[in-house]
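Let me begin by presenting the structure, written as structure tokens, before commenting on it.
The values are calculated or read from the model by the stated rules, or taken from the named source; none is laboratory data. Here the structure is a predicted model, which means the values were calculated and not measured. Counting neighbours? That spans all protein chains shown, and the Cβs are built from the backbone with ideal geometry, glycine included.
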């Protein structure tokens, strides 16, 4: 197995004359949990959309497992801020969907679905439709669907931005549990510095546009992390200072 899951070399993205991503280079190791923070509108989502080929890049290279990104070959899951459940399908059917698309056997589907439903605490809600669920439950369905396919790379774009604090911490803890069990490589974008410190093994700080990598900070804090711990607060304040525009 290669050491790096993702290799980004001199990634540049322009929209017409507007330079958004300016010569980004960094690696994400296999099984790493990387959080990305930066000023609002700095191009964090543009990076993810470039990685998933929603956008063509202007120059540079993004490799997964040492090869150019190929969504037919590489098992990549993408979780957005919006709840992307299918309203006409029940919870279990939503979670099964990706596995059925991949033509997994019924035995494999049942095993994966049962496992993730239990992990995210949705056992009692298998037969509910999305309209019957709270915001927190909907996001659990989306996370369960992503992990059920056992992705080698999971991309998350501010998935908890619309949730209140208590729900967010609960879902973040579930995410860490799933990540540790699966060894999936996670790239998690957030504008919330506390969230970046709470989740990330490494925290990448981006500059304002045109966006460059300002620094990557290793997070030494063990899990479970405590937001009132002095070391946590010190790291959060350090990153806040790095992001300030003035």
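Quick check on my filter: what residues within region 222-246 are surrounded by fewer than 17 Cβ atoms within 10 Å (Cβ to Cβ) and under 16 Å from residue 34 (Cβ atoms)?
Across region 222-246, the qualifying residue is only 223.
Taking region 26-47, which residues are under 13 Å from the mean Cα position of the chain (by Cα), modelled with pLDDT of 85 or more and within 20 Å of residue 198 (Cβ to Cβ)?
Within region 26-47, 28, 31, 32, 33, 34, 35, 36, 37 qualify.
Any chance region 10-25 includes a residue that's touching a strand residue (DSSP E or B) at 6+ places or on another chain (Cβ under 7 Å), part of a strand (DSSP E or B) and without any contact (Cβ under 8 Å) to a residue 40 or more places away in the chain?
No; the residues of region 10-25 include none that is touching a strand residue (DSSP E or B) at 6+ places or on another chain (Cβ under 7 Å), part of a strand (DSSP E or B) and without any contact (Cβ under 8 Å) to a residue 40 or more places away in the chain.
Which residues, counting only those in region 153-168, are in contact (Cβ under 8 Å) with a residue 40 or more places away in the chain and either surrounded by fewer than 19 Cβ atoms within 10 Å (Cβ to Cβ) or in a helix (DSSP H, G or I) (or both)?
Once the filter is applied, which keeps residues that are in contact (Cβ under 8 Å) with a residue 40 or more places away in the chain and either surrounded by fewer than 19 Cβ atoms within 10 Å (Cβ to Cβ) or in a helix (DSSP H, G or I) (or both), region 153-168 yields 158, 161, 162.
Quick check: is even one residue across region 70-83 part of a loop (DSSP other than H, G, I, E, B), over 17 Å from residue 158 (Cβ atoms) and in contact with a strand residue (DSSP E or B) (Cβ under 6 Å, 6 or more places away or on another chain)?
yes
Any residue at all in region 36-47 that is assigned to a strand (DSSP E or B) and crowded, with 16+ Cβ neighbours inside 10 Å?
Yes; the residues of region 36-47 include at least one that is assigned to a strand (DSSP E or B) and crowded, with 16+ Cβ neighbours inside 10 Å.
For the structure I just gave you, tell me whether residue 218 is surrounded by fewer than 15 Cβ atoms within 10 Å (Cβ to Cβ) and in contact with a helix residue (DSSP H, G or I) (Cβ under 9 Å, 6 or more places away or on another chain).
Criteria not met by residue 218.
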